[in-house]
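Below is one structure, written out as structure tokens, with a few remarks after it.
The values are calculated or read from the model by the stated rules, or taken from the named source; none is laboratory data. Predicted, not measured: the structure shown is a model, and the values here were computed from it. Here Cβ is always computed from backbone atoms with ideal geometry, including for glycine, and neighbour counts include all displayed protein chains.
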Amino acid sequence: MAEKKYVYTFGGDKTEGEGAMKNLLGGKGANLAEMAKIGLPVPPGFTVTTECCVDYFKNGNKLPAGVEKQVTTALKHIEKAMGMKFGDPKNPLLVSCRSGARSSMPGMMETVLNVGLSSKTIPGLIAKTKNERFVYDAYRRLIMMYSDVVMEKAEGIEPAEGKAIRRQLDAMLDELKEKKGYKSDTDLTVADLKSLCEKFKKQIKKTLGREFPDDSMAQLWGGIGAVLKSWNGKKAVAYRRIEGIPDDWGTAVNVQSMVFGNMGDTSATGVAFTRDPATGDNKFYGEWLINAQGEDVVAGTRTPNPLNEATSNEQNKHLKSMEKLYPSIYKQLCGVRETLEKHYHDMLDIEFTIQEKKLFMLQCRVGKRTGTAALNMAMDMLKEKLIDEKEAVMRVSPTQLDELLHPILDPKAEKKQTVITKGLPAGPGGAVGRIVFNSTEAVAAAKKGEAVIMVREETNPEDVEGMRAATGILTARGGMTSHAALVCRGWGKCCIVGAGAIAVDEVKGVLKIGGKTYTSKDYLSLNGSRGWVYAGKVATMDSSENPKLKNFMKLVDKFRKLQVRTNADTAADAEVARKFGAEGIGLFRTEHMFYGKNSEKPLFCLRKMILSNTKEERVAALKELEKYVKSDIKATLTAMKGLPVTIRLLDPPLHEFVPSEPAKRKELADALGIKVSEIAKRAEALHETNPMMGHRGVRLGITYPEVSEMQMRAILEAALEVGSVPEIMVPVTCDPREIKFQKAILERVAAEVAKKKKVAKIEYKVGTMIEIPRAAILADEMAKEAEFFSFGTNDLTQMTFGFSRDDIGGFLPEYLDQKIIDADPFQTIDTVGVGRLIEIAVKGGRSVRKNLKVGICGEQGGEGKSVAFCHKMGLNYVSCSPFRVPIARLAAAQAAIAEGRK
Ligand code: PEP
Ligand code: MG
């Protein structure tokens with residue numbers, strides 16, 4: 001069998017890959033190849049494929065056959081392009097080893113720079129660069145990174161808190177700086193660095209029990225292996241769970257010739273976005289550091305300089321911009337920006353290095369952005385004709401849209417408060433919560449449903465679970481492009497970084513701001529869009545009413561095929577939903593009038609009805625109830641202004657409505673003219689062992705036809721008075737004869753109402769919910785009786801899995817962790833199981849009734865992936881809660897566009 005090709009070269013005179021090969025080369029590798037192809041200055045290198053990573057793990061953590069030879073050949077390619085040799089004492093080549101999965105996982109995997117420096121190559125590099133300080137600085141960085149990534153993390157060593165090798169070496173570095181009174185790393189002298197390197201190596205031997213390798217090739221293999229292993233590192237695994245990235249993708253390893261941003265004052269390194277990733281403004285936005293390596297920018301240990309004057313901020317405006325300091329390089333970089341945007345038709349996130357005034361591109365990828373930025377860029381790029389309308393719609397994800405509808409601090413309330421400190425506005429919106437100082441506490445609090453602000457010295461990719469769980473994040477260090485900022489922005493999470501004036505003691509759990517002390521008993525409020533921090537709780541509000549959003553949603557509606565309705569049971573909810581673009585009500589749950597505001601009186605009637613012993617008692621109670629039901633329905637129909645409304649017949653869990661308080665029982669007994677003890681008896685009789693499968697839904701209308709009759713009369717009269725055609729829906733059915741039974745009552749009631757109201761005929765539609773697997777399987781029979789179907793996927797999921805919709809929390813996390821299921825089926829439709837039943841039901845139903853209208857009204861109807869599935873199944877509409885209507889509209893349009901592209 002021919003050997004697999006595991007290694008692809010790029011740069012120099014031979015680029016084997018291209019941008020479209022992301023699956024094999026990872027995002028970074030594919031884009032490096034693409035940049036090299038379009039003539040941008042990319043240092044030569046090679047990419048070890050993601051397939052190699054997958055095979056490595058399959059192979060019991062061993063490199064598959066052929067890799068060694070292919071790497072050796074590819075290394076020659078770099079050597080030739082650079083005119084240098086790896087491990088050579090006179091003219092040594094140094095390389096970097098970086099990870100790069102298919103989709104970006106910022107900071108979650110490992111990198112080793114300056115690989116190849118050893119006692120053998122150091123003198124040669126010094127002679128060549130005539131810069132001893134630079135060489136020893138590069139060496140101490142290699143030692144720090146290598147011991148951390150290769151010798152500790154890749155070996156699966158889990159040091160005690162504060163005892164990680166990187167921490168120890170950092171502390172030694174800080175100690176030396178303090179002793180010598182240095183402000184910055186750049187103050188360290190050659191002698192300092194030399195002695196530090198020796199001390200570092202001793203400390204490594206002492207802590208890890210192994211020598212730091214003094215051989216270039218050993219370092220390279222160590223680096224490649226560690227990057228591969230970092231795919232299964234703790235933080236990478238946690239990030240993949242959250243982002244839904246499959247475990248079997250693997251990471252690529254990019255080995256690339258080093259270029260140095262730390263060769264002196266004419267060298268620099270930086271990261272930039274071709275447009276502002278927080279606001280979407282069409283401004284070149286970035287940060288750079290003179291005499292530094294890439295890790296210094298992303299680690300957030302030094303405040304970076306602004307790229308240009310237009311985007312400088314509070315923290316960096318006193319520092320020189322590249323535009324001012326190196327105008328010609330800045331101009332060249334602006335040219336790269338233009339080339340890239342024209343080539344990729346998108347906003348890119350780039351990393352670059354300047355080595356002695358020469359510009360090199362180290363990375364480009366489509367940049368992560370906030371919801372606001374995604375929207376603004378999509379609409380701007382459409383105007384600039386960089387993208388077309390369909391692409392503009394695809395550019396905002398349902399989650400980003402959700403973020404746009406999310407709360408901000410109420411500006412009025414905010415004005416009355418004093419800003420206690422400022423940082424960089426890294427993630428948008430507002431957040432209010434109790435202070436926590438670590439990831440574990442944040443996760444624990446979120447589990448309890450508590451909003452917390454995670455306060456850290458700097459965030460570290462290890463904090464990823466806590467960052468996800470917290471409502472907001474505040475850090476003392478870090479820049480706009482630090483990993484914390486990138487990750488938060490991607491999630492649309494409120495985040496402030498680099499609040500330099502705060503002092504955090506994570507171990508003691510103390511935060512000091514301007515002489516005041518805050519602990520985990522205190523609350524903070526963050527304005528993540530401006531970087532402002534307040535003590536205590538500031539009120540929050542909605543952030544909609546954005547004209548660009550309105551135009552975007554118009555565009556969205558141009559492409560979707562699915563209609564979007566809402567689940568609403570009150571006139572107020574109906575109004576909100578209509579504002580969000582709902583095209584009707586897909587589910588009006590009658591029983592919701594018995595909860596909450598103004599429910600006292602109708603609830604009392606309902607209780608009387610439930611506890612009636614005879615038909616007479618029940619009919620009397622129903623008569624009283626009827627006027628409430630009618631006026632409730634009428635209000636909602638009026639609010640919907642003629643749009644279709646599906647009203648479901650009562651589906652109440654009966655036992656929930658029986659009062660337990662003695663006073664209420666007494667009141668009810670008096671009204672029914674019976675003893676209190678009798679109430680207890682009747683309540684006892686209503687008790688069911690398994691109420692979810694009990695006397696509910698249509699079963700109630702079969703045992704007590706008068707209950708259906710009352711509702712039908714209320715609905716028909718209300719609709720007639722408002723002038724709309726109601727869609728009456730029968731819940732929890734499992735057999736067509738149940739629908740037939742209800743229809744007979746309805747026909748009789750309709751005739752009575754027509755007579756009473758003196759009209760020839762009353763128009764209405766009758767349909768059923770599909771919530772029981774049997775109903776889905778018998779869909780052809782059901783459709784003979786029902787004019788429409790609505791999938792009640794809450795119950796359908798419950799009954800298909802046999803998972804209680806109310807108690808899944810007890811075992812769901814374990815099921816997800818063990819990968820027994822991929823997602824909570826009550827949030828995202830289980831396309832293979834429940835989805836199969838949906839498919840059967842749609843086909844069956846339409847086989848007997850071609851125009852059968854089919855929708856969904858379970859909770860999944862407002863979730864992006866489920867909406868796409870409903871589109872695929874050819875449903876007519878999805879119905880979801882009012883706030884999710886815009887999200888469903890977008891998901892529906894994207895599903896239609898994606899289908900067209902296939
Ligand atoms: C359903 O079961 O999906 C549904 C919408 O009905 P309910 O949630 O009221 O049971
Ligand atoms: Mg249901």
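A quick yes/no check of all residues on (1) in contact (Cβ under 8 Å) with a residue 24 or more places away in the chain; (2) more than 16 Å from ligand 2 (Cβ to nearest atom); (3) farther than 28 Å from S804 by Cβ; (4) loosely packed, with under 15 Cβ neighbours inside 10 Å:
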site: S677; (1), (2), (3), (4): no, yes, yes, yes
site: N690; (1), (2), (3), (4): no, no, no, yes
site: R699; (1), (2), (3), (4): yes, no, no, no
site: M712; (1), (2), (3), (4): yes, yes, yes, no
site: S724; (1), (2), (3), (4): yes, yes, yes, no
- request: Would you mind stating whether Y146 is surrounded by 20 or more Cβ atoms within 10 Å (Cβ to Cβ), under 30 Å from G162 (Cβ atoms), in contact with a Phe, Trp or Tyr (Cβ under 9 Å, 6 or more places away or on another chain) and modelled with pLDDT of 95 or more?
  value: yes
task: Say whether the condition of being surrounded by 16 or more Cβ atoms within 10 Å (Cβ to Cβ) and farther than 30 Å from T399 by Cα is met by at least one residue in region 229-237.
output: yes
query: Of the residues that make up region 787-806, is at least one crowded, with 21+ Cβ neighbours inside 10 Å, in a helix (DSSP H, G or I) and more than 38 Å from the chain's Cα centre (by Cα)?
result: no
- prompt: Quick one: would you say E575 is at pLDDT below 95, touching an Asp or Glu at 6+ places or on another chain (Cβ under 9 Å) and outside any strand (DSSP E or B)?
  reply: no
message: Name the residue that is surrounded by the most Cβ atoms within 10 Å (Cβ to Cβ), counting only residues in region 750-781 that are in a loop (DSSP other than H, G, I, E, B) and within 16 Å of ligand 1 (Cβ to nearest atom).
response: E771
field: Out of I245, I204, I224, sole residue that is in contact (Cβ under 8 Å) with a residue 12 or more places away in the chain and in a loop (DSSP other than H, G, I, E, B)
entry: I245
query: For region 701-716, what are the residues that are under 15 Å from V753 (Cα atoms) and of a type in the set (V, I, T)?
result: I715
field: Residues satisfying the stated conditions in region 854-864, i.e. not in a loop (DSSP other than H, G, I, E, B) and not charged (D, E, K, R)
entry: V854, G855, I856, Q860, G861, G862, G864
field: Selection status of R98, touching a residue at least 40 places away in the same chain (Cβ under 8 Å), under 30 Å from D265 (Cβ atoms) and surrounded by fewer than 23 Cβ atoms within 10 Å (Cβ to Cβ)
entry: no
- prompt: Can you name every residue in region 784-804 that is of a type in the set (G, A, S) and away from ligand 1 (no atom under 13 Å from the Cβ)?
  reply: A786, G802
- line: The residue from I157, I143 that alone is under 36 Å from the mean Cα position of the chain (by Cα), in a loop (DSSP other than H, G, I, E, B) and in contact (Cβ under 8 Å) with a residue 12 or more places away in the chain is I157
- line: Screening R369, R337, R365 for residues that are in contact (Cβ under 8 Å) with a residue 24 or more places away in the chain, closer than 17 Å to T311 by Cβ and touching a Gly at 6+ places or on another chain (Cβ under 9 Å) leaves only R369
statement: Within region 134-146, residues charged (D, E, K, R) and within 10 Å of N262 (Cα to Cα) come out as D137
- prompt: In region 831-853, which residue that is away from ligand 2 (no atom under 16 Å from the Cβ), of a type in the set (A, V, I, L, M) and not in a loop (DSSP other than H, G, I, E, B) is nearest to K784 (Cα to Cα)?
  reply: V848
message: So if I check each of Q355, Q363, which one is at pLDDT below 95, polar (S, T, N, Q) and touching a strand residue (DSSP E or B) at 6+ places or on another chain (Cβ under 6 Å)?
response: Q363
message: So if I check each of G845, G855, which one is within 26 Å of D735 (Cα to Cα) and either of a type in the set (F, W, Y) or out of contact with any Asp or Glu (no Cβ under 9 Å at 6 or more places or on another chain) (or both)?
response: G855
- request: Select from region 843-862 the residues that are away from ligand 1 (no atom under 16 Å from the Cβ) and either closer than 17 Å to G586 by Cβ or in contact (Cβ under 8 Å) with a residue 24 or more places away in the chain (or both) and list them in ascending order.
  value: K843, G844, G845, R846, S847, V848, R849, L852, K853
task: Name the one entry in K342, K283, K324, K320 that is of a type in the set (K, R), closer than 29 Å to Y136 by Cα and in contact (Cβ under 8 Å) with a residue 12 or more places away in the chain.
output: K320
field: Among (1) at pLDDT 90 or above; (2) over 22 Å from L188 (Cβ atoms) - the single one E110 does not satisfy
entry: (1)
message: Any residue in region 795-808 that is touching a residue at least 12 places away in the same chain (Cβ under 8 Å) sitting within a Cβ distance under 9 Å of a residue that is among the polar types (S, T, N, Q) and away from ligand 1 (no atom under 11 Å from the Cβ)? List the pairs, counting only those 6 or more apart or interchain.
response: Q798/S804
message: Being of a type in the set (A, V, I, L, M) and modelled with pLDDT under 95 is the filter here; which residues of region 375-391 pass it?
response: L375
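I'm trying to understand the selection: among the residues of region 632-663, which are of a type outside the set (D, E) and without any contact (Cβ under 8 Å) to a residue 12 or more places away in the chain?
S660, A663
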field: Selection status of L386, surrounded by fewer than 21 Cβ atoms within 10 Å (Cβ to Cβ), aliphatic (A, V, I, L, M), closer than 19 Å to G294 by Cα and more than 22 Å from the chain's Cα centre (by Cα)
entry: no
statement: Sole miss for G586 among (1) modelled with pLDDT under 95; (2) out of contact with any helix residue (DSSP H, G or I) (no Cβ under 7 Å at 6 or more places or on another chain); (3) within 16 Å of ligand 2 (Cβ to nearest atom); (4) not basic (K, R) is condition (1)
message: Regarding region 579-589, can at least one residue be identified that is buried (at least 20 other Cβ atoms within 10 Å of the Cβ) and part of a helix (DSSP H, G or I)?
response: no
message: For region 787-828, give me each residue that is in contact with a strand residue (DSSP E or B) (Cβ under 8 Å, 6 or more places away or on another chain) and more than 13 Å from ligand 2 (Cβ to nearest atom).
response: E787, F788, F789
message: If a residue must be within 16 Å of ligand 2 (Cβ to nearest atom) and among the hydroxyl-bearing types (S, T, Y), how many such residues does region 596-651 contain?
response: 1
task: Please go through region 609-623 and pick out each residue that is surrounded by fewer than 16 Cβ atoms within 10 Å (Cβ to Cβ), within 17 Å of A683 (Cα to Cα) and without any contact (Cβ under 8 Å) to a residue 60 or more places away in the chain.
output: T614
